[in-house]
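Here the structure is laid out as structure tokens; the discussion comes afterwards.
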Protein chains: 2
Amino acid sequence: MASDEGQESTSNATSGGGEAKHKEEETSWSLSYKKYGNFEQWYLEVVVSSELIEYFDIGGCYILRPLTVSIWEIMKDFFDAEIKKMKVKQCYFPFLLSEAALEWKENPNKGFAAKVAWVTRSGETDLENHIALRPTSETVMYPSFPKWIRSHRDLPLKLNQWCNVVRWEFNNPTPLIRYLFTLNLSAHLSYVLHSWINLFYFHLCDNIYQVREILELYRRIYEEYLAIPVVKGKASKLEKFPGGLYTTTVEAFIPNTGRGIQGATSHCLGQNFAKMFEINFENEMREKAMVWQNSWKQHFRTIGVMVMVHGDDKGLVLPPKVASIQVIVVPVPYEDADMQVIFDVCSATVETLSNAGVRAEKDIEEDSPSWKYSQWEMKGVPLRIEIGPKDMANNQVRVVRRDNSSETLIPMSSIVENVKLILDNIQQSLFDVAKQKRDACIKVSKTWEEFTTALNDKKMILSPWCDEEEVEIDVKALTEGESGAAKTLCTPFEEDQPEMPEGTLCFASGKPAKKWTYWGRSY
Amino acid sequence: MASDEGQESTSNATSGGGEAKHKEEETSWSLSYKKYGNFEQWYLEVVVSSELIEYFDIGGCYILRPLTVSIWEIMKDFFDAEIKKMKVKQCYFPFLLSEAALEWKENPNKGFAAKVAWVTRSGETDLENHIALRPTSETVMYPSFPKWIRSHRDLPLKLNQWCNVVRWEFNNPTPLIRYLFTLNLSAHLSYVLHSWINLFYFHLCDNIYQVREILELYRRIYEEYLAIPVVKGKASKLEKFPGGLYTTTVEAFIPNTGRGIQGATSHCLGQNFAKMFEINFENEMREKAMVWQNSWKQHFRTIGVMVMVHGDDKGLVLPPKVASIQVIVVPVPYEDADMQVIFDVCSATVETLSNAGVRAEKDIEEDSPSWKYSQWEMKGVPLRIEIGPKDMANNQVRVVRRDNSSETLIPMSSIVENVKLILDNIQQSLFDVAKQKRDACIKVSKTWEEFTTALNDKKMILSPWCDEEEVEIDVKALTEGESGAAKTLCTPFEEDQPEMPEGTLCFASGKPAKKWTYWGRSY
């Protein structure tokens, strides 16, 4: 989305901004760009200023600061607990691969060949056999499976691995969305920090249920944790994972840029990899059979999408469920007030809330309250509690919501119930607002003219489609422009398909339509 | 410890063994080597047969199977919870480094220069700027610190990172102990999966307390979780982390090979890195000051040490605190017995134990009980519960301990209390036995003759030492042999130092002794 130059200058500006932070404290926690002014620059500024990421020595590589990792860990803990119930086990495979391993016949990694990073020397010594950094997890994991699977009793084999994969790509970098290697090649590093490889067998057809079960976990991460509405559906043949049978996806949408974004994917690999890696077993009838496989992936971009959807001109806005600090308690000094007494009440408030399971912290640094407010707003803390001498006299505190800036006075005696209620409310409200904005961008387009108008209006387009690959290729070619081409985002599952009246025609080809499909530009 | 050829053949043997497993079920879960026969081969066999690791396409790289990861995660969860109390935050830095970043003046990584792995091409295209895989975390992290630390109020900065580091080394590989790259270079990959970088400042001297606090966590991981006795102490100047001021360590000992092994390290870096990376700040008096830093590291070898210390001729022996399955419940069939009824009792037993917080599972596969017993013994499950028709009639179950094979009948009615008691007892007993064996290997040696005799007897030697680097270099040179040279393991801290009578002389130099220090061969 942003040009390299844009990113460079932001990086420098931010670095300069850090210095200013301590010099002109009152003004430093503010953004120079507006979300509805220059969205791309606003995004680049907010991810650095809120301390989610930091630029790194190597262009396109980013440092994930504690705020990012804390959000990721909350999502990971949820996911790990859910897959543990499904008897999935954690493993860790090397991140290096031999040349031979990348040369499997019919290897879908051939598509990645140009993007593979090679280690060719150690110190000053050239290695005779070059080593690749894994471009996918499948190629690293599957060669071992024939050793472990011999009989039907060794199945299902359910493994999960949290790891990086590395692919050099020509693409624009966006922190947390697309990790780029800027060097001379402008190559791309994509870190898939989660990649679950699950192997199972099934006799008659693929286990649709299991693919969908994981997709549902991803939907919950987006909707219940990150308060981001997504559409569940199937990717087109053109957009699916090349090695697999089919891909299901949760698709988010960024109203500001009018682009869809693939949130996470759950693939049915069918027997494609089993054939390639010869993963056979003896079934109950003592016959030779071949396994079916699934795999699924979530990416750090999840957090980038959250920034884009909820962030505002004051900085980050965190949904309470993923906020490592849900409530920040700030003392408000007043002339002649005994600050120690106020500090003590702040500490007691934090303790009361913490004991009730609310993630609360206090900020009793020497900075001015307004500086503190800006800081915690920039970092997206959902709720601020202000405590001053007057509040104490009235046995109350002032609470200020990050999402809509509304202020309320609540009695000290019922602080826990009230705070919990407000946090729940913020979580729901963020989702509702985001859904309203997303829904306002959905445009049903039944003709080519409606389609192109909607595309120019940055819409997420729902159109009747004949489901033919050539037609999608044509649409791409016809809509190619400066901001990229339109493509299918996903086709909602059967149960979510709107009614298709008899005789409905494909918006693009004029042939009989088979499915309602979401189209648009995308990240 | 093992030659490449030895390792290769074990790998092949095991792979063949896997096939046999399903053909000759009764005999497959057994080891061909004995712990007190051929320790090295026994170790290589047990780590594969117990399904801790699997060999990989690239020699010296190992797949960490779910059993290994489950043990690691229990230790990691303990450590993470403890450092969270200390306000340490998690972060994630890129695992790639530019050439420039590795060329810092006075960079202690210069020592690693020959061991650094370089990415030089992507696909078929040579990169103009080569990229290194991080050989340490310090060089990756510290260049960012000056951006984040400006005032004393930005300190302490406490960051933890769980990550890999990569070093190509000429060394013998041992799974989980030393990861080797066999290629043509026989290079070495060392994965430090935990590396905590903690930064703090201090005015008068280094914060010894904090370095020791982390070391104490490592001691607890070894002694309380893995039931392995360790000695805490300071590394000699020769053995310390080259970039740091001093290194503290927990040292374990393997009686079978007579070798010490560095269990985990906690370094005080002093201001060495601060000087190099110019990490300065403005102190309370508005003067420019320089930070002090600590860093500490734990390694997957922790698990290898556990295998070596507790394992036996039946396979792995897991201390209950790190066992993902603490109790395996096995139904014992009997002619005419209604197996479904026995299965139901097994399920109920697992449920009762699970509800009480015991990690229990049942094995109701079709295999024979003896095959099951061997399997779970190989995998180190601490306690087996057998349930047959006779037991059910008597309202009792038979429990068999993995560590000492002792069998007891316990009444169904008090199964939870009894199992918990036995598990505690196993945990303690494993530690006591290991300590007894380790202590039996400690030999106080005051003269050179005593020292060399003890070294030949594979002892862990406690000797009075003058604490001079040249003397340690001499001792190394004089004891160099096929199985390596003697070196210092560690010098116990002040409070653990045995009394040093006036006039005690150094065992090696004859100069006045300053400290009691542990010496020996090591991994």
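The values are calculated or read from the model by the stated rules, or taken from the named source; none is laboratory data. As the structure is a prediction and not an experimental result, all values here were calculated from the model. Ideal geometry is used to build each Cβ from the backbone, glycine not excepted, and the neighbour counts take in all protein chains shown. Calculation scope for accessible area: heavy atoms of the full protein, side chains included, ligands and nucleic acids excluded. Shrake-Rupley method; radii C 1.70, N 1.55, O 1.52, S 1.80 Å.
The condition of being open to solvent by 40 Å² or more (accessible area, probe 1.4 Å) and either assigned by TED's automatic domain parsing to the domain that holds A:VAL305 or within 24 Å of A:ASP424 (Cα to Cα) (or both) does not hold for A:GLU251.
Examine the range B:235-248 for a residue that is touching a residue at least 40 places away in the same chain (Cβ under 8 Å), of a type in the set (Gly, Ala, Ser) and under 19 Å from B:LYS437 (Cα atoms), and state whether such a residue exists. Among the residues of the range B:235-248, not one is touching a residue at least 40 places away in the same chain (Cβ under 8 Å), of a type in the set (Gly, Ala, Ser) and under 19 Å from B:LYS437 (Cα atoms), which makes the answer no. When the range B:120-164 is examined, which residues are found to be more than 7 Å from every other protein chain (Cβ to nearest Cβ), open to solvent by 10 Å² or more (accessible area, probe 1.4 Å), over 28 Å from A:ALA132 (Cα atoms) and not in a loop (DSSP other than H, G, I, E, B)? B:PRO146, B:TRP148, B:HIS152, B:ASP154, B:LEU157, B:LYS158, listed by residue number.
The set of residues from the range A:351-370 being open to solvent by 20 Å² or more (accessible area, probe 1.4 Å) and of a type outside the set (Asp, Glu) comprises A:THR352, A:SER354, A:ASN355, A:ALA356, A:GLY357, A:ARG359, A:LYS362, A:ILE364, A:SER368, A:PRO369, A:SER370. Restricting attention to the range B:85-119 and to residues that are of a type in the set (Gly, Ala, Ser) and surrounded by fewer than 17 Cβ atoms within 10 Å (Cβ to Cβ), the residue that is modelled with the highest pLDDT turns out to be B:ALA100. Examine the range A:375-393 for a residue that is exposed (fewer than 15 other Cβ atoms within 10 Å of the Cβ), at pLDDT below 95 and either of a type in the set (Phe, Trp, Tyr) or more than 30 Å from A:GLY510 (Cβ to Cβ) (or both), and state whether such a residue exists. Yes: the range A:375-393 contains one or more residues that are exposed (fewer than 15 other Cβ atoms within 10 Å of the Cβ), at pLDDT below 95 and either of a type in the set (Phe, Trp, Tyr) or more than 30 Å from A:GLY510 (Cβ to Cβ) (or both). If the condition is being in contact with a Lys or Arg (Cβ under 9 Å, 6 or more places away or on another chain), outside any strand (DSSP E or B) and under 18 Å from A:ARG438 (Cβ atoms), then the range A:492-523 contributes A:ASP496, A:TYR523. Which is touching a strand residue (DSSP E or B) at 6+ places or on another chain (Cβ under 9 Å), closer than 23 Å to A:PRO66 by Cα and surrounded by 14 or more Cβ atoms within 10 Å (Cβ to Cβ), of A:VAL345, A:VAL327, A:VAL332? Step by step, each of A:VAL345, A:VAL327, A:VAL332 is checked, and only A:VAL327 is touching a strand residue (DSSP E or B) at 6+ places or on another chain (Cβ under 9 Å), closer than 23 Å to A:PRO66 by Cα and surrounded by 14 or more Cβ atoms within 10 Å (Cβ to Cβ). Answer yes if at least one residue in the range B:460-476 is modelled with pLDDT of 95 or more, open to solvent by 70 Å² or more (accessible area, probe 1.4 Å), among the β-branched types (Val, Ile, Thr) and more than 21 Å from B:VAL330 (Cβ to Cβ), and no otherwise. Yes, because at least one residue in the range B:460-476 is modelled with pLDDT of 95 or more, open to solvent by 70 Å² or more (accessible area, probe 1.4 Å), among the β-branched types (Val, Ile, Thr) and more than 21 Å from B:VAL330 (Cβ to Cβ). In the range A:52-77, the qualifying residues are those that are in a helix (DSSP H, G or I) and open to solvent by 20 Å² or more (accessible area, probe 1.4 Å), and the one that is nearest to the other protein chains (Cβ to nearest Cβ) is A:PRO66.
Applying the criterion of being at pLDDT below 95 and among the aromatic types (Phe, Trp, Tyr) to the residues of the range A:227-265, the residue that is farthest from A:LEU215 (Cα to Cα) is A:PHE241. Considering the conditions (1) within 30 Å of B:ARG301 (Cα to Cα); (2) of a type outside the set (Ser, Thr, Tyr); (3) surrounded by 19 or more Cβ atoms within 10 Å (Cβ to Cβ), B:CYS506 is excluded by exactly one of them, (1). Of the helices (runs of 4 or more DSSP H) lying entirely inside the range B:381-491, the ones with 1 or more residues being under 30 Å from B:THR248 (Cα atoms) are found at B:415-441, B:448-456, B:469-479. Would you check which residues across the range A:370-384 are over 16 Å from A:VAL48 (Cβ atoms) and over 20 Å from the mean Cα position of the chain (by Cα) and list them? Once the filter is applied, which keeps residues that are over 16 Å from A:VAL48 (Cβ atoms) and over 20 Å from the mean Cα position of the chain (by Cα), the range A:370-384 yields A:SER370, A:TRP371, A:LYS372, A:TYR373, A:TRP376, A:LEU383, A:ARG384. Every condition in (1) touching a Ser or Thr at 6+ places or on another chain (Cβ under 8 Å); (2) assigned by TED's automatic domain parsing to the domain that holds A:SER429; (3) of a type in the set (Val, Ile, Thr) holds for A:ILE303 except the one numbered (2).
Looking only at residues in the range A:416-462 that are among the charged types (D, E, K, R) and under 18 Å from A:ARG220 (Cα atoms), the one that is farthest from the chain's Cα centre (by Cα) is A:ASP424.
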